[in-house]
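Where a number appears in this text, it was derived from the coordinates with a stated rule and is not lab data. On a predicted model such as this, the values are computed, not experimentally measured, just so you know. In this analysis, Cβ positions are derived from the backbone assuming ideal geometry, glycine residues included, and neighbour counts consider all displayed protein chains.
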Amino acid sequence: MEVVICRDAQEVGELAADRVIAYLEGIHTPVIGLATGSSPLALYAELSRRVQAGTFDFSHGLGFALDEYVGIDPDHPESYRNVIRRTVVEPLKMDPGRVRVPNGFAADLQGAADEYDAAIEEAGGVDVQILGIGSNGHIGFNEPFSSFSSRTRVKTLTPQTREDNARFFNSLDEVPRHCVTQGLGTIMDSRVAVLVATGEHKADAIAAMIEGPVSQRCPASILQFHPRAVIVIDEGAASKL
Ligand code: GLP
């Protein structure tokens, strides 16, 4: 695990973008794994700046999002399908047909999840997986005590995650209770993982992930076993290391 501590969120975005581009450059059909949440926004904005400047082209890339809420209307502004379109696909001028998000509306959710894993494999696997981290140490929506070998599947969101995400909805009641998320095993199959986090409210989760035991209490701690994980954080998120 490589840990890089930056001054602020902007520097986190710039440095993470440098890494992502360096890893993806030269790959014929690069595959990126996409996270939602506020943490990667500075990184996506920086990648977008480089696309606009003509120094980075990702129009030939493939994308797979980590997760989606179950039962959320795909047209809801906070469905991850829409969030990924707004924050990644459009700013990075990606082909929308080449970016997939798990289907949280399928009649057969597990069948759709299995098909999602198969599509990742068919694409040759994820070259660079972008990750944020929940305040309880989740990655994707793999809440504490998720199996380390899990694949894409339906999970129940914890009360804390629903509260954390209530800011994106009109009320806590509106926050979905279930999700479809790539598993920890799926995430660990990525060739490179770049996790970004900022702010003191992430400091406990970051300390548990980097310095704690590898434990299902902190799902992100599995990244200690990832062959190439880069953790890019600001001083606030690093304050308990
Ligand atoms: C969300 C997403 C995660 C994200 C995390 C942190 O619920 N499912 O992929 O990393 O929570 O979000 P934020 O970056 O907004 O703190």
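Laid out as a table, the results:
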read-out: Coil-residue GluC sites (Glu not before Pro) of the stretch 1-48, DSSP, other Cβ within 10 Å capped at 11; value: 25
read-out: Nearby lysines by direct alpha-carbon distance to residue 202 (threshold 17 angstrom, same-chain neighbours under 8 apart not counted); value: 240
read-out: For the stretch 8-25 and the stretch 62-120, distance of Cα centres in Å; value: 23
read-out: Cβ-Cβ FRET estimate between residue 22 and residue 225, R0 fixed at 25 Å, reported to 0.05; value: 0.65
read-out: Residue-averaged [θ]222 nm for the chain, counting only DSSP H segments that reach four residues, each worth -39500 (n - 2.57); value: -8500 deg cm²/dmol
read-out: Prolate/oblate/rounded label for the stretch 163-241 (Cα gyration tensor, a/c 1.5); value: oblate
read-out: Relative contact order (%) - the stretch 2-234, alpha-carbon pairs under 8 angstrom, separation at least six; value: 26
read-out: Förster radius 45 Å - calculated FRET efficiency between residue 169 and residue 118 (Cβ-Cβ, nearest 0.05); value: 0.90
read-out: Farthest positive-ward along the stretch 1-80 dipole, Cα basis, beta-carbon charges - from 70, 35, 3; value: 3
read-out: Cα-based shape type of the stretch 1-140, given that a ≥ b ≥ c are square roots of the gyration tensor eigenvalues and the cut on a/c is 1.5; value: prolate
read-out: Reachable aspartates and glutamates from residue 155, criterion Cα separation under 13 angstrom, eight or more residues apart if same chain; value: 67, 68, 143
read-out: Near-label residues of the stretch 16-38 by backbone N, under 19 Å of a point 7 Å along Cα→Cβ of residue 85; value: 34-37
read-out: Under the Debye formula (equal points on every Cα, no solvent term), log10 I(q)/I(0) of the chain at q = 0.07, 0.14 Å⁻¹; value: -0.20, -0.86
read-out: Mean separation of Cα contacts under 8 Å, 6 or more apart, over the residue count of the stretch 153-241: relative contact order %; value: 30
read-out: Residue-by-residue Karplus 3J(HN,Hα) for the stretch 73-79, coefficients 6.51, -1.76, 1.60, Hz, glycine and proline x; value: 4, x, 8, 4, x, 9, 4
read-out: Cα gyration tensor category, rounded, prolate or oblate, for the stretch 107-150 with a/c compared to 1.5; value: oblate
